[in-house]
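The values are calculated or read from the model by the stated rules, or taken from the named source; none is laboratory data. Quick caveat, the model's predicted, so the values are computed rather than measured. Cβ placement follows ideal geometry from the backbone for every residue including glycine, while neighbour counts extend to all protein chains displayed.
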């Protein structure tokens, strides 16, 4: 079997089965992934720190349900002792991790082998992947388009067939947005489903979550089985699933009541391409026997909109302050990008009381969303409100530090951040491509702690409208 061609087409479950049957070795899987990184990364700029030597050393002894399967690790939050860790910032350009995150340990206990670390915008605070430290990551579907962010490097690597699994994390949509832009399946788990320790316990009041982007639904489920569950000392836990998530794949979801809207929070529809994708998805759901009802989630008030801004500004102030303490110095003039510096300066003016008031406001809103799910199983809208933007559109400058926010914000006007506020699981499913061949994902918000239902629905959609055979122009074959 050609490592470069045939293996790139297989998902992680298939690759693990090849190893289990003795048809390939774990080392051969890893070597093939390394070959693909070397061939495609000069075009994509997705992998910023190769980990080849470590991967080759671990491959022969890899054991577990996904033994030998290569993956990439987003260079944000999750750390590997002895490996460079930058979070996309020149402030951390030469930083090396002194510990390994629990999530990484669980990846490796499952047999996954990390072949490299992937690009992210500075501290993950923009829906783009065009940081100053490493430069822009290119979308395999159109090299002049954005991958979105902040898990853009991982999404590009998976979409191009470099690896079947890419670690991702999500504070306001950063798993789901790049999954949409790169034609992947992206599940944002329930708050606290996966650990973020030992360094963090409750990052940004539980908004930040960890998981992966994948090409198949079953890969996402298999990884969640391997990583979910609390770490000792976590501040809170989520109810455990009644059975393995992988068992949900292929299980009939039953007849669901699914609310949907084409309108963004401003009351206007998203881009016509996104609305076409939504209309096709609604028709497909009806064909599958689901009840689809046009409706909307509870609207944001001005107070709640302002509260979201307070949380993100405070988050940046905390992140930069954390690294000042950890590195023992403040960032130099050129070590923070204009957008980050602007967020940092604004965030430092937010008091502790104002932050807590914002959290309480948004928790009150979360109860209104929870009430919506008494009568609905799932809520649907497009993941993005615009098709993938051209590279360069979301780059701030010193003269216009908030430019990336002003341009990027309208691309995510369907408010994926609601899932982070409420803690509910959500997913982007690759169900539409526009006339330019650009992927446009559909977003499904589920009930709290019910990833199982989302996985059953995603699997049903995957069988009805398969996407696995769609290949971007830049792909490992």
* Within region 356-369, can you find the residues that are within 20 Å of residue 264 (Cα to Cα) and surrounded by 15 or more Cβ atoms within 10 Å (Cβ to Cβ)? -> 362, 365, 366, 369
* If you check every pair at least six apart or on different chains, which have Cβ atoms under 7 Å apart with a residue in region 290-317 that is over 30 Å from residue 457 (Cα atoms) first and a residue that is surrounded by fewer than 20 Cβ atoms within 10 Å (Cβ to Cβ) and at pLDDT below 95 second? -> 311/204; 315/204
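What number of residues within region 252-267 satisfy the criterion of being in a loop (DSSP other than H, G, I, E, B) and modelled with pLDDT of 95 or more? Before the answer, list the steps.
Within region 252-267, the subset in a loop (DSSP other than H, G, I, E, B) is 252-256, 261-262, 264-267.
Still in the running and modelled with pLDDT of 95 or more: 252-256, 261-262, 264.
Total meeting the criteria: 8.
To keep it simple, each residue is scored yes or no on (1) in contact with a helix residue (DSSP H, G or I) (Cβ under 8 Å, 6 or more places away or on another chain); (2) closer than 19 Å to residue 8 by Cβ; (3) at pLDDT 95 or above.
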{"position": "83", "(1), (2), (3)": "yes, no, yes"}
{"position": "92", "(1), (2), (3)": "yes, no, yes"}
{"position": "106", "(1), (2), (3)": "yes, no, yes"}
{"position": "120", "(1), (2), (3)": "yes, no, yes"}
{"position": "128", "(1), (2), (3)": "yes, no, yes"}
{"position": "136", "(1), (2), (3)": "no, no, yes"}
{"position": "147", "(1), (2), (3)": "yes, yes, yes"}
{"position": "154", "(1), (2), (3)": "yes, yes, yes"}
{"position": "169", "(1), (2), (3)": "yes, no, yes"}
* Asked: How about region 198-207: which of its residues are surrounded by fewer than 18 Cβ atoms within 10 Å (Cβ to Cβ) and either without any contact (Cβ under 8 Å) to a residue 24 or more places away in the chain or in contact with a helix residue (DSSP H, G or I) (Cβ under 7 Å, 6 or more places away or on another chain) (or both)?
  -> 198
* Asked: Scanning for something within 23 Å of residue 217 (Cβ to Cβ) and either in contact with a strand residue (DSSP E or B) (Cβ under 6 Å, 6 or more places away or on another chain) or loosely packed, with under 14 Cβ neighbours inside 10 Å (or both), does region 266-275 turn up at least one residue?
  -> yes
* **Among residues of region 36-56, those that are surrounded by fewer than 16 Cβ atoms within 10 Å (Cβ to Cβ) and either in contact with a helix residue (DSSP H, G or I) (Cβ under 6 Å, 6 or more places away or on another chain) or modelled with pLDDT under 95 (or both), counted** => 1
* Verdict on residue 212 being touching a residue at least 40 places away in the same chain (Cβ under 8 Å), within 18 Å of the chain's Cα centre (by Cα), surrounded by 15 or more Cβ atoms within 10 Å (Cβ to Cβ) and outside any helix (DSSP H, G or I) -> yes
* When residues of region 16-40 are filtered for being farther than 15 Å from residue 63 by Cβ and in contact (Cβ under 8 Å) with a residue 60 or more places away in the chain, how many remain? -> 6
* Asked: Can you tell which of 104, 80 is within 21 Å of residue 37 (Cβ to Cβ) and in a helix (DSSP H, G or I)?
  -> 104
